[in-house]
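My structure is below; once you've seen it, I'll send some questions.
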Amino acid sequence: MAVCFNLSKSGSPDLSRVIHFNLTDHDAQKYEFEVYPLNYEMKHADIEEIGLLFIVNPFTAAGQRYWIQRCYLDYPNSPNVTNLTGKKHIWSKNDVHTWKYLRWTTLGYHHNWDTKVYSLDHHTPFPADLASLNAFFAKILQFPPYFAEAAIVNYYHLDSTLAGHVDRSEFDLEAPLFSISFGSPAIFLLGGQTKSEEPSAMMLNSGDVVVMSGQSRLSYHAVPKILSSEATPWLELENHEQERPEWIHVKKVICQSRINLNVRQAQTETISKSLLTT
Ligand SMILES: O=C(O)CCC(=O)C(=O)O
Ligand SMILES: [Fe+2]
């Protein structure tokens, strides 16, 4: 994937060609899930025809706190699978030092990183809250009913990167992929169907949701840079009485980290059929 601007791990990247989507003021009205009415951008010249929707952070601060805590405190729990499952460094909710070893957690149909094939035998219940949130987004955006069945929670440090790839393991490639980010900002590159197309670069801030549908569902994408930032929208209107006791640790970690919830519909029926016929 060609990179259209200067990126160095240590120096400051040239952000002049990075698309910044801006939030217009949120309505006082709030939907369920601590989400405001979606302010989504689908008309940018570079992305309008390929089915990419960019939703500028729709989450309230309490909503951001909720999902950030779920990612550090709950989702890495067994039976979900993490990069630490079966390894020496074990994630423990009660030991903040173990969190820095987390790289990913998989939910629902567990992504097999070697074969890139989902298997019916490797499935655990998908978190109901995350499934409802994505069904809700799909409904508001007028997609067909959405069943979140597989997700990767990615945990990034400030020096982490994600190489260019296409997510094509799902049997249902028509259903959109929802990519929800929290924590430090990141540069997201979206290319075309081949590695030769020059990507567009966009800034992903905490709470932003990228929906990859249509052609963009099978487009190359990458995260070449996480940026350190003073912005901490998840701390707004903090109410200590309402927070979980571990929030005090989580909020220290998230200031120097980024989380991405990458949610897919794998289409259970098709998976079962394909496994039965092989
Ligand atoms: O971190 C991101 O924004 C993207 C993650 C991603 O592309 C993936 O998990 O497949
Ligand atoms: Fe991806």
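What residue, among those in the stretch 141-160 that are within 10 Å of ligand 1 (Cβ to nearest atom) and of a type outside the set (Phe, Trp, Tyr), is farthest from the chain's Cα centre (by Cα)?
Ser160
Is it the case, given these coordinates, that Gly191 is within 14 Å of ligand 2 (Cβ to nearest atom), over 17 Å from Asn262 (Cα atoms), touching a Phe, Trp or Tyr at 6+ places or on another chain (Cβ under 9 Å) and not aliphatic (A, V, I, L, M)?
Values: within 14 Å of ligand 2 (Cβ to nearest atom): yes; over 17 Å from Asn262 (Cα atoms): yes; touching a Phe, Trp or Tyr at 6+ places or on another chain (Cβ under 9 Å): yes; not aliphatic (A, V, I, L, M): yes.
Yes; evaluated as a whole, the condition is true for this residue.
Right, Ala138: among the small types (Gly, Ala, Ser), surrounded by 19 or more Cβ atoms within 10 Å (Cβ to Cβ) and either within 15 Å of the chain's Cα centre (by Cα) or away from ligand 1 (no atom under 16 Å from the Cβ) (or both) or not? Walk me through how you get there before you give the answer.
Values: among the small types (Gly, Ala, Ser): yes; surrounded by 19 or more Cβ atoms within 10 Å (Cβ to Cβ): yes; either within 15 Å of the chain's Cα centre (by Cα) or away from ligand 1 (no atom under 16 Å from the Cβ) (or both): yes.
Yes.
Would you say Glu197 is more than 13 Å from ligand 1 (Cβ to nearest atom) and farther than 30 Å from Pro79 by Cα? Step through it out loud before you land on a result.
Values: more than 13 Å from ligand 1 (Cβ to nearest atom): yes; farther than 30 Å from Pro79 by Cα: yes.
The answer is yes for Glu197.
Each row is one residue, and each column tells you yes or no for (1) basic (Lys, Arg); (2) surrounded by 13 or more Cβ atoms within 10 Å (Cβ to Cβ); (3) touching a strand residue (DSSP E or B) at 6+ places or on another chain (Cβ under 6 Å); (4) at pLDDT 90 or above.
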{"site": "Lys93", "(1), (2), (3), (4)": "yes, yes, no, yes"}
{"site": "Tyr101", "(1), (2), (3), (4)": "no, yes, no, yes"}
{"site": "Leu107", "(1), (2), (3), (4)": "no, yes, yes, yes"}
{"site": "Leu120", "(1), (2), (3), (4)": "no, no, no, no"}
{"site": "Phe126", "(1), (2), (3), (4)": "no, yes, yes, yes"}
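Would you mind telling me which numbered condition in (1) within 16 Å of ligand 2 (Cβ to nearest atom); (2) surrounded by fewer than 18 Cβ atoms within 10 Å (Cβ to Cβ); (3) of a type outside the set (Ser, Thr, Tyr) His157 fails?
(1)
If you go through the stretch 198-224, how many residues are charged (D, E, K, R) and farther than 16 Å from Arg17 by Cβ?
From the stretch 198-224, those charged (D, E, K, R) are 198, 208, 217; that's our starting set.
Going one step further and asking which of them are farther than 16 Å from Arg17 by Cβ, we end up with 208, 217.
Residues in the stretch 198-224 being charged (D, E, K, R) and farther than 16 Å from Arg17 by Cβ: 2 in total.
All but one of (1) in contact with a strand residue (DSSP E or B) (Cβ under 8 Å, 6 or more places away or on another chain); (2) among the basic types (Lys, Arg); (3) modelled with pLDDT of 95 or more hold for Lys251; state the number of the condition that does not hold.
Lys251 satisfies every listed condition except (1).
The values are calculated or read from the model by the stated rules, or taken from the named source; none is laboratory data. Note that the structure is a prediction, hence the values are computed from the model and not measured. Cβ: placed from backbone, ideal geometry, glycine included. Neighbour counts: every protein chain shown.
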